[in-house]
Amino acid sequence: MSTYDEIIVDLADRRYPVYVGEGLLGSIDSMIPDGVSKIAIVTQEDIGILPELRLPSQIFYIGDGEQAKSLSTIGQLCSGFAKMGINRRDLVLAIGGGVVSDTAGFAAASFHRGMRYGIIATTLLAQVDAAIGGKTGVNIPEGKNLVGAFWQPSFVVCELSALSTLPERERKCGFGEMAKYAFLGAEGLDRLPLRSQISACAKIKASFVEEDEREGDKRALLNYGHTLAHAIEAVGFSDPRVNLKHGEAVAIGVIFAALLAQKLGRIDQARVDYHRRVVSSYGLRTELPAGIDLERLIAAMFKDKKSFGTLTFILDGSSGVEVVRDVDASLVRAVLTEFATQA
């Protein structure tokens with residue numbers, strides 16, 4: 001018998017559950033919404049998780065890594081959906097990590113101008129963050145997640161047994177996203193059992209999404225550490241020396257955000273040290289990749305979705321984590337330069 005926690009993301013008419021536990025794969029049929037007649041499964045070949053489904057289904061494999069999150073992949077999926085003959089009452093089922101849920105979700109949001117989809121999250125990063133909240137999207141050469149849609153799933157399953165097969169680096173990638181929750185209301189998170197950690201993160205994210213579904217204000221706080229992280233990833237698309245996964249980049253971004261907040265007088269050295277202790281407790285690196293182009297990082301940060309033409313960061317302070325706009329580029333450059341010398 002499966003044991004699980006259930007967290008509800010309550011968006012009125014789009015209320016849906018997030019299940020966290022083990023042995024949930026045998027219950028997927030009971031989660032399928034009424035009216036579905038076909039299921040398009042979007043996954044990757046190395047995932048190795050395919051639940052038995054009562055309804056007819058077809059599998060669509062996408063590539064690995066951030067390169068798979070592309071408009072060409074969306075085109076291929078939508079063409080495949082059309083040939084399969086599914087309609088907006090049917091279901092797209094994403095099985096995998098954040099790359100799969102982001103891509104499959106955007107395809108579901110786009111095909112027939114929106115169809116239902118569910119998620120079986122198989123990585124720690126997806127379970128604590130990417131699979132919850134309805135943010136879908138793909139990358140373009142100019143930046144990460146610049147094309148996408150808000151499209152809520154019908155259900156999310158966080159199957160803990162899938163984590164046992166994750167390579168250590170993939171687990172650390174999830175820990176990078178998890179670490180940010182220590183500054184968003186989950187003090188002492190790292191002392192809880194893993195299932196409780198994942199459920200705690202899911203509850204925090206659900207509360208943010210319920211209050212601000214489309215990232216107009218409060219939900220942007222969930223991007224703590226992401227302004228620099230996304231810039232690192234954008235530079236990494238063309239610089240093979242920048243070999244970092246998303247969660248690893250977020251961990252570095254969290255440290256940089258603390259350093260920038262200190263320079264702005266928002267926090268003291270003790271709070272910066274706490275940031276370093278939290279990130280280090282998960283075995284994550286706390287410094288920039290050696291030799292990374294700082295000017296390219298700044299240019300990429302100007303293109304961040306939160307920026308609106310200025311440098312915008314999520315920064316800690318005496319009142320907690322807040323959105324801070326119009327940060328002077330020369331100050332950001334100075335903090336980045338100092339940060340880079342610590343590598």
Of the listed residues (Asp102, Asp64, Asp129), the one being buried (at least 17 other Cβ atoms within 10 Å of the Cβ) and modelled with pLDDT under 95 is Asp129
Take Pro51 and decide whether it is buried (at least 16 other Cβ atoms within 10 Å of the Cβ) and either within 24 Å of the chain's Cα centre (by Cα) or more than 30 Å from Pro141 (Cα to Cα) (or both).
yes
Result of the Cβ filter at 7 Å on the stretch 193-214, keeping first residues that are buried (at least 20 other Cβ atoms within 10 Å of the Cβ) and partners that are assigned to a helix (DSSP H, G or I) and among the polar types (S, T, N, Q), at least 6 apart or interchain, is Ile198/Gln127
Of all helices (runs of 4 or more DSSP H) fully inside the stretch 165-279, the set with 3 or more residues that are basic (Lys, Arg) is 168-180, 194-211
Matching residues in the stretch 302-320 (of a type outside the set (D, E, K, R), part of a loop (DSSP other than H, G, I, E, B) and under 18 Å from Met178 (Cα atoms)) number 1
Within the bounds of the stretch 291-301, is there any residue that is in a loop (DSSP other than H, G, I, E, B) and either free of Cβ contacts under 8 Å to residues at least 40 places away in the same chain or over 30 Å from Ile140 (Cα atoms) (or both)? no
- Return yes or no: is Ser199 under 21 Å from Tyr282 (Cα atoms), within 18 Å of the chain's Cα centre (by Cα) and not aliphatic (A, V, I, L, M)? yes
Leu11 fails exactly one of (1) buried (at least 18 other Cβ atoms within 10 Å of the Cβ); (2) closer than 17 Å to Ala108 by Cβ; (3) of a type in the set (A, V, I, L, M, F, W, C), namely (1)
Within the stretch 248-290, of all residues that are of a type in the set (Gly, Ala, Ser) and free of Cβ contacts under 8 Å to residues at least 40 places away in the same chain, the one surrounded by the fewest Cβ atoms within 10 Å (Cβ to Cβ) is Ala270
Take Val20 and tell me if it is assigned by TED's automatic domain parsing to the domain that holds Ala126 and outside any strand (DSSP E or B). no
Note: among Ile86, Ile95, just one is part of a loop (DSSP other than H, G, I, E, B), modelled with pLDDT of 95 or more and not polar (S, T, N, Q), namely Ile86
Taking the stretch 321-343 and the residues there that are assigned to a loop (DSSP other than H, G, I, E, B) and out of contact with any helix residue (DSSP H, G or I) (no Cβ under 8 Å at 6 or more places or on another chain), the one that is nearest to Thr227 (Cα to Cα) would be Arg325
Practice task
State whether the residues of the stretch 143-166 include one that is without any contact (Cβ under 8 Å) to a residue 60 or more places away in the chain, crowded, with 21+ Cβ neighbours inside 10 Å and out of contact with any strand residue (DSSP E or B) (no Cβ under 6 Å at 6 or more places or on another chain).
Solution key: no
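The values are calculated or read from the model by the stated rules, or taken from the named source; none is laboratory data. Model, not experiment: these values are computed from the prediction. Note that we place each Cβ from the backbone using ideal geometry, even for glycine, and neighbour counts take in every protein chain shown.
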